[in-house]
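Written below as structure tokens is the structure these notes are about.
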Amino acid sequence: MARTPVTSTDVERITHERREETTDLVAVEEPLQIILEHGEDHARCETPLAMTMRTPGHDVDLVTGFLYGEGVISGPEDLVRIRHCAQSETPDNVVRAVLRDHVVVPSRLLERNLTVTSACGVCGDRTLDALSKEGCFPVVVEEGSLDPDAIRRALTSLEGSQAFFRHTGGTHSAALFDRHGALLLHREDVGRHNALDKLVGAWLQSPQTTSDAFVVVSSRASFELVQKTVRAGFVMLVAIGAASSLAVETAKRFDLTLVGFARESRFNVYARSERIAFEDLTHDFIKVEAG
């Protein structure tokens, strides 16, 4: 039986007036082992790839998004299937991804067996040069084609969509919006990287057209999140928190519009601000672009 993403626990609540025993809801955090089945028909191999701490749910999306972000697959067509291992002692926490025989797994992944935390998710091992060689750049959109009010609408929509966070205060969100700020997809997880991998995995399996869609994350904008957004080809990454120096550098290199400290009344643009139509502002936004 699949685990739920939220559970209750006993707590002692302390205030300046009293101490009481009660219950509270917390986000579930459990390990997920990812096993790859790969190779040509006459020489199939099974390789433990990684162990990550995640919130149960949308595990297929998580694994699909991670494999795509690492350049293992070009899309769902490179996968035969992804399933939980029923024969495992913990079937809900072991997933086997079966690759088609033409898919070559990068040696850098086969030479390591990752054990990571929810703070990192399944942190990738991609390089900027690798992204460049694969031609990973956001789709081309006209200057001034992105409505800044779409960011405001997206933030409002995201706030109302974070069911797990609303109950626990312990999850991150990643959401995909169209150019008008309408919600297309949303995923939550205790790890910010996992949330984005789940989102990308869901997007890869979705028939929706997202040629100029943008991503909003409830966390800071780290290098890894920019990297995953670039790989997916989205035009803009909007973060509630700050952007790191390498995130800004990477966004500029790969022509990704990067927004940080996003609020309904203001945001900072760190890269490619010309895509945003500031002359059409209908709210009191403040734009600050990093040099």
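The values are calculated or read from the model by the stated rules, or taken from the named source; none is laboratory data. Worth saying up front: this structure is predicted, and the values here are computed from it rather than measured. Heads up, the Cβs are rebuilt from the backbone with ideal geometry, glycines too, and the neighbour counts pull from every protein chain shown.
Within the range 19-26, is even one residue surrounded by 12 or more Cβ atoms within 10 Å (Cβ to Cβ) and over 24 Å from the mean Cα position of the chain (by Cα)? Looking through the range 19-26, at least one residue is surrounded by 12 or more Cβ atoms within 10 Å (Cβ to Cβ) and over 24 Å from the mean Cα position of the chain (by Cα).
Looking only at residues that are among the basic types (Lys, Arg) and assigned to a strand (DSSP E or B) in the range 1-25, which one is farthest from PHE165 (Cα to Cα)?
Start the filter on the range 1-25 by keeping residues that are among the basic types (Lys, Arg), which leaves 3, 13, 18-19.
If we keep only those that are assigned to a strand (DSSP E or B) as well, we get 13, 19.
Values: ARG13: 19, ARG19: 25 Å.
Residue satisfying both the conditions and the ranking: ARG19.
Applying the condition of being over 16 Å from ASP212 (Cα atoms) and among the aromatic types (Phe, Trp, Tyr) to the range 248-291 and asking which residue is modelled with the lowest pLDDT yields PHE285.
Of everything listed in (1) charged (D, E, K, R); (2) touching a residue at least 60 places away in the same chain (Cβ under 8 Å); (3) within 21 Å of ILE276 (Cα to Cα); (4) touching a strand residue (DSSP E or B) at 6+ places or on another chain (Cβ under 7 Å), the single unmet condition for ARG220 is (2).
Would it be correct to say that VAL200 is surrounded by 23 or more Cβ atoms within 10 Å (Cβ to Cβ), in a strand (DSSP E or B) and in contact (Cβ under 8 Å) with a residue 60 or more places away in the chain? Here the answer is no, as VAL200 does not meet what is asked. Within the range 223-241, the residues that satisfy the criterion of being over 11 Å from LEU258 (Cβ atoms) and of a type in the set (Gly, Ala, Ser) are ALA232, GLY233, GLY241.
Once the range 167-192 is narrowed to residues that are of a type in the set (D, E, K, R) and at pLDDT 95 or above, the residue that is nearest to TRP203 (Cα to Cα) is ARG187.
Filtered by the rule that a residue be buried (at least 20 other Cβ atoms within 10 Å of the Cβ), closer than 14 Å to VAL200 by Cβ and touching a residue at least 40 places away in the same chain (Cβ under 8 Å), the range 61-97 gives ASP61, LEU62, VAL63, THR64, GLY65, PHE66, TYR68, GLY69, GLU70, GLY71.
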